[in-house]
Every structure is written in structure tokens, then in C-alpha cells.
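Here is the structure we will look at.
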Amino acid sequence: MVRLLGFLLLVVLVVLGLSFAVLNSQPVALNYYFGARDIPLSMIVVVSLAAGALMGVLVSLGTIIRLKQQAGSLRRRMRAAQKDADQARIL
């Protein structure tokens, strides 16, 4: 059921994105350091959002890796403590 809802949400987002692209297909002058081009507004928005999402992932990647390492270390310590507790119960 959850997968179906996720799929339906994805379909709705794709339809909204396509309608946004159709409604904003007018060319806009994009001036950058090495020249200028006329690019559809919807493409500029989509590329900007994708670049922002990628930068957000890259910035948070260090924190995610550090937290995963910490979780692994804590799991190993928990297993060792459980093993010690089991041995203490046997004695």
C-alpha cells in the first residue's frame, strides 16, 4: 500500500513538472561569464533545483558518513557489553 502511494505521488509530481515545463517554455536570456544563450525558463529552474539538491547532498555527506561510523562503533560496543553481561550471568 505504501509503495502504491509513493508511486502515485511520483506520478503526480511528474505531471506537475511536465505542466510547469509546458507553461514556462518561453526562452530567457541567460548571461554567464563566457557568453549568453537563450534557454527555456523551465530548464533553468530545473537545472537550478538539481544543482541545489546536489550541493545539499555533498555538504551533508561528511556528516552522514561520520554518523554511520559512530553508529557502527556503538553497535560493536553494545555487542561487547552484551557478551560481557551474558558471561557474568553464567558465572
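The values are calculated or read from the model by the stated rules, or taken from the named source; none is laboratory data. Model, not experiment: these values are computed from the prediction. Virtual Cβ from ideal backbone geometry, glycine too; neighbours counted across all protein chains shown.
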Q: Identify the single condition in (1) surrounded by 10 or more Cβ atoms within 10 Å (Cβ to Cβ); (2) part of a helix (DSSP H, G or I); (3) out of contact with any Ser or Thr (no Cβ under 7 Å at 6 or more places or on another chain) that Val28 does not satisfy, given that it satisfies every other one.
A: (2)
Q: Please find, among Val22, Val15, the residue that is exposed (fewer than 10 other Cβ atoms within 10 Å of the Cβ), free of Cβ contacts under 8 Å to residues at least 24 places away in the same chain, under 26 Å from the mean Cα position of the chain (by Cα) and assigned to a helix (DSSP H, G or I).
A: Val22
(Q) Taking the criterion of being under 19 Å from the mean Cα position of the chain (by Cα), hydroxyl-bearing (Ser, Thr, Tyr) and modelled with pLDDT of 90 or more, would at least one residue in the stretch 68-85 satisfy it? (A) no
Q | Meets criteria (touching a helix residue (DSSP H, G or I) at 6+ places or on another chain (Cβ under 8 Å) and part of a helix (DSSP H, G or I)) for Ser42 | A | yes
Q) Looking at Ala51, Ala71, Ala36, which one is without any contact (Cβ under 8 Å) to a residue 24 or more places away in the chain and assigned to a strand (DSSP E or B)? A) Ala36
(Q) Being over 30 Å from Gln26 (Cβ atoms), surrounded by 10 or more Cβ atoms within 10 Å (Cβ to Cβ) and not charged (D, E, K, R) narrows it down to one residue among Leu91, Leu41, Leu67; which is it? (A) Leu67
